[in-house]
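Below you'll find the structure, written out as structure tokens, and then a few comments.
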Amino acid sequence: MDVALDTQFLQSTLKLEPGDAQRVWRAVEQFARDPSTPSLNLERLQGGTGRKRLWSIRVSQKIRVLLARQGSTSVLLRAGYHDDIYELADRTAFVAPLAGSPGLIEVRQVATESEEQPLANQPVRAQRVLDDSEPSIVEHWSSTELAEAGFDADAVKILRTATVDTLLDAWPDITEEHFNQVLELSEVSPREWRQRQLVEEDSDADERFRRAIVERGALAGLSSVLTPDEIRRLAEAPIEDWMIFLHPDQRALVDRRFNGPARVRGSAGTGKTVVALHRAAALAKRRAEAPPEIGAPILFTTFVRNLPPVLENLYARLPTSVPGAVEFINIDRLARRVCVEAGQTPYVDQRRVDSAFAKAYRKVVQRGSPLDRASLTRRYLRDEVTAVIKGRGIGSLEEYLEIRRTGRRVPFSTAMRQQAWMLREDWDQRLVDAGIVDFPDVVRMARDLAREDPMPRYRAAIVDESQDLTLVGLQLVLALIRGSQEQNQPDGLFIVGDGAQKVYPGGYTLGQAGIDIQGNSAVLRLNYRNPRSIIETAMACAGSEVVDDLGEEYARGDAEFETSRDGAKPLLVQAGNYGGQIEFVAQQIRTLAQSGSIAPGDIGVFASTNSRVKDALAILTNSGLSCQELTEFDGRPNQLIKLGTFHRSKGLEFKVVFLLDLSASSFPLRQLAGQSETEHKERQALQLSQLYVAMTRARDRLYVLYSDEPSDVLYGALDCFELPEASEGQLQD
């Protein structure tokens, strides 16, 4: 049996308990191999045309799978509890029209004045969300042929333009009999209908159904037809394979042609990266079909260093991917390569870069100077130079004195800016004397070199996690798709990101980058990853913070989002000191593994600092668990527990997430002696953003651990957590 998956089937399995979800996948694999397996109890459900192909299989005593089947091809529609599945089957039909996309239709009986009116005469209602360009449901029938089939002139007029989702609005008094007849005609040609007449079986029906699923199924959000072995791989359920399915609502963004730069944004879990990957595949296909002179590769870049190999492996699993047509590389590596290819070899020695800054700081920031009086830490001033001055590509003091320091909260007077500029110049001179550069310098050098190229190096570019790219980094990408030409390229730049997940200092607006996306932007609002319980907890902890999303400011909690999934509340656990917390994590991981519901490779363990991650890695490894740091993860499924910092988890997702040491004494960082209140609040805002990112990596279950006292940021969200009895009593006390 060849099997395709409806997007809603994937979502319905996520609503089940992990053990039931695993049983669903095992049953589906068995169905794909042998539908006649007795334990599946394959059962044809009752109903009229369209509904006659609805079947169910038994997963367990309480769980069923609803599917549409014709011949050796099936579409898995929903998984759920017995009564829910049978109730859904009673009010749905599955149509596979010759013109348009196949799909499940909701059919609802409408009450009439007469309770005794026969069913065949009762009006019905149907609903299906399709593309705006969906053809008439009987597009392949002429008006004369529809009249031959028994429809009067008024009905023919309606059918000439009605689609499945508009049919009932256009024909509000259609009967059940006529509705089923329309579905029947939609699936056969007039010639086939004449030949078949009243014969129940149709020898060509199986092939027509298969063609509809294979050729037009993607328009309705169906996966490609999967073999039993591919079903088995999904049954093993590595989390990465859930990241590549595209919802039909997002397909328009993938295939749309833009006349200039475009941007897609949305809160966590809304599928931005999935859209970007499918967009890359669509552009690659256009490139493959284009004349040789415009056949340059597609660039897919991001600021996050560990993401490109993950994204590349996810892209390779897309059924529409074009091998070798898309290059995945992080912005720093890309910049260095541009420089090397131009004959320049920038040398970054991070230890010596740090030493040079320390010496410049001691020389420039003297006691009583403007920056010293402002009570700013050395780290804040270094970020000012790298993220604002260098990150924005500011070339003169005059320019620096005039700019709006987007993304920074500490106000800088003229005297402070003048001294910060002196700090930059002294640091730069020390780097020159040592024959080294810093990473922001490499990006600027690459941008300037790329701007001199007469021809673009890339056909198009996609920027993921754009909120953390510097302005100069974005300008480098623009130069690589424009060369020395300054005009916008159609479908040239596609920006994906979410300011609510920004985890690095600094910022800019698209206007400052010279990018106009008017009419070429979209917002994704439906969260496919997180259950409502997790996203509401993350918002309760970090939603009040104001974020800067490429120039647009709003409270994180005000971002519009929807989620169709319910789930267990995150668990807030007091587990003693840091070692005790990790021992708790190890015990929970073993319990999950023994249950067979969660594989180790689907588990993420995150801490706020690199040192904490190293400690956790050592303890878990010594306890006999196999682990891997996120810096080494390339996106290919494995059985290793993943560990990393909160911000390193960006762009990834896991079935189960453990967050370590969210204790009052550890998170967020306390205000340092002599540190200004404004700087401290800015630093806390970044930490809350990192926490929000880490929390929203969890697809099914989230554990938050602390020592003696939970962090203050958790207290306002206690109602969102499940509290063990001991912890609940202590917190109430």
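The values are calculated or read from the model by the stated rules, or taken from the named source; none is laboratory data. Note that the coordinates shown come from a computational prediction; the quantities given were computed from them, not determined experimentally. Ideal geometry is used to build each Cβ from the backbone, glycine not excepted, and the neighbour counts take in all protein chains shown. Note: areas computed on protein heavy atoms with side chains; ligands, DNA, RNA excluded. Shrake-Rupley method; radii C 1.70, N 1.55, O 1.52, S 1.80 Å.
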(message) Could you report the accessible area of GLU679 in Å², rounded to 10, computed with a 1.4 Å probe on the protein chains as they sit in the structure?
(response) 10 Å²
(request) Distance between Cα centroids, the range 616-669 to the range 260-284: provide it in whole Å. (result) 26 Å
(message) Can you tell me, using C-alpha contacts under 8 Å and at least 6 residues apart, the relative contact order of the range 581-733 as a whole percent?
(response) 25 percent
(message) Relative contact order of the range 340-472, please, whole-number percent, based on alpha carbon pairs below 8 angstrom and at least 6 residues apart.
(response) 42 percent
(request) For a quick protection proxy, order the peptides 410-423, 658-671 by their average other-Cβ count within 10 Å, most packed first. (result) 658-671, 410-423
(message) Per residue of the range 276-281, what does 6.51 cos²θ - 1.76 cosθ + 1.60 with θ = phi - 60° give for ³J(HN,Hα)? Whole Hz please, x for Gly and Pro, Karplus curve as stated.
(response) 4, 5, 5, 4, 4, 5
(request) Leaving ligands, DNA and RNA out of it, rank GLU425, GLU629, GLU583 by accessible area with a 1.4 Å probe, largest first. (result) GLU583, GLU425, GLU629
(request) Using a 10 Å cut-off on Cβ atoms, rank the peptides 608-621, 21-34 from the highest mean neighbour count down. (result) 21-34, 608-621
(request) Measure nothing fancy, just the Cα-based angle from helix 205-216's long axis to the longest principal axis of the chain, in degrees from 0 to 90, nearest 10. (result) 20 degrees
(message) Explain nothing, just compute: Karplus ³J(HN,Hα) = 6.51 cos²θ - 1.76 cosθ + 1.60, θ = phi - 60°, for every residue of the range 712-717 in order, whole Hz, x for Gly and Pro.
(response) 4, 5, 8, 4, x, 10
(message) Below 8 Å, C-alpha to C-alpha, sequence gap of six or more: please give me the relative contact order for the chain in percent.
(response) 13 percent
(message) Let me check I've understood the local charge: for GLU562, count other residues with C-beta under 10 angstrom from its C-beta, Lys and Arg +1, Asp and Glu -1. What total comes out?
(response) +1
(message) Under 5 Å between amide hydrogens, which residues at least 5 positions from ASP453 or on another chain qualify, with H placed 1.01 Å from N in the peptide plane?
(response) SER484
(message) Need one number: convex hull volume per residue for the range 556-628, Cα atoms only, in Å³.
(response) 150 Å³
(request) Under 1.5 on a/c is rounded, so check that first for the range 367-504, then, if it is not, pick prolate when a/b is larger than b/c and oblate when it is not; a ≥ b ≥ c are the square roots of the alpha carbon gyration tensor eigenvalues. (result) prolate
(message) For the full complex of protein chains and a 1.4 angstrom probe, list LEU640, LEU705 by accessible area with the highest value first.
(response) LEU640, LEU705
(request) Positive end of the charge dipole of the range 570-700 (Lys, Arg +1 and Asp, Glu -1 on Cβ, about the Cα centre): tell me which of GLY644, GLY596, ALA698 has its Cα farthest that way. (result) GLY596
(message) What is the angle, in °, between the Cα long axis of helix 331-341 and the longest principal axis of the Cα atoms in the chain? Nearest 10 is fine, range 0 to 90.
(response) 70 degrees
(request) At 0.36 nm per residue, minus the direct Cα-Cα distance, what do SER355 and THR591 gain on full extension? Give it in nm, one decimal, please. (result) 80.2 nm
(message) Using amide H atoms built in the peptide plane, which far-off residues or other-chain residues are under 5 Å from LEU493 H to H?
(response) ALA262, ALA461
(request) Find the centroid of the Cα atoms in the range 480-521 and in the range 358-413, then give the distance between the two in whole Å. (result) 25 Å
(request) Starting from the alpha-carbon convex hull of the range 282-394, give the projected area averaged over all orientations, in nm². (result) 10.7 nm²
(message) 5 Å is the cut-off here: which amide hydrogens, built 1.01 Å from N in the peptide plane, fall below it relative to LEU45, excluding neighbours closer than 5 in sequence?
(response) LEU54, TRP55, SER56
(message) Within 12 Å, Cβ to Cβ, of GLY511, how many net charges do the neighbouring residues add up to if Lys/Arg are +1 and Asp/Glu are -1?
(response) -1
(message) If I fit a long axis through the Cα atoms of helix 176-186 and take the longest principal axis of the Cα atoms of the chain, what angle between them do I get, 0 to 90°, rounded to 10?
(response) 70 degrees
(message) Around SER375, under 11 Å between beta carbons, what's the net of Lys plus Arg minus Asp minus Glu among the other residues?
(response) -2
(request) Please give the direction-averaged projected area of the C-alpha convex hull for the chain, in square nanometres with one decimal. (result) 37.5 nm²
(message) How big is the range 346-438 along each principal axis, measuring the range of its Cα positions in Å and listing the largest first?
(response) 33, 28, 20
(request) Just subtract the alpha-carbon distance of ASP516 and LEU401 from 0.36 nm times their residue separation and send over the number in nm, one decimal. (result) 38.9 nm
(request) Provide SER143, SER544 ordered by accessible surface of protein heavy atoms (probe 1.4 Å), highest first. (result) SER544, SER143
(request) Return the percentage of antiparallel bridges among DSSP beta bridges fully within the chain, rounded to the nearest 5 %. (result) 40 percent
(message) Over the Cα atoms of the range 525-652, each weighted equally, I'd like the Debye log10 I(q)/I(0) at q = 0.09, 0.10, 0.15, 0.16 Å⁻¹, rounded to two decimals.
(response) -0.33, -0.40, -0.89, -0.99
(message) Apply the Karplus curve 6.51 cos²θ - 1.76 cosθ + 1.60, θ = phi - 60°, to the phi angles in the range 463-468 and return the couplings in whole Hz, x for Gly and Pro.
(response) 10, 9, 6, 5, 5, 9
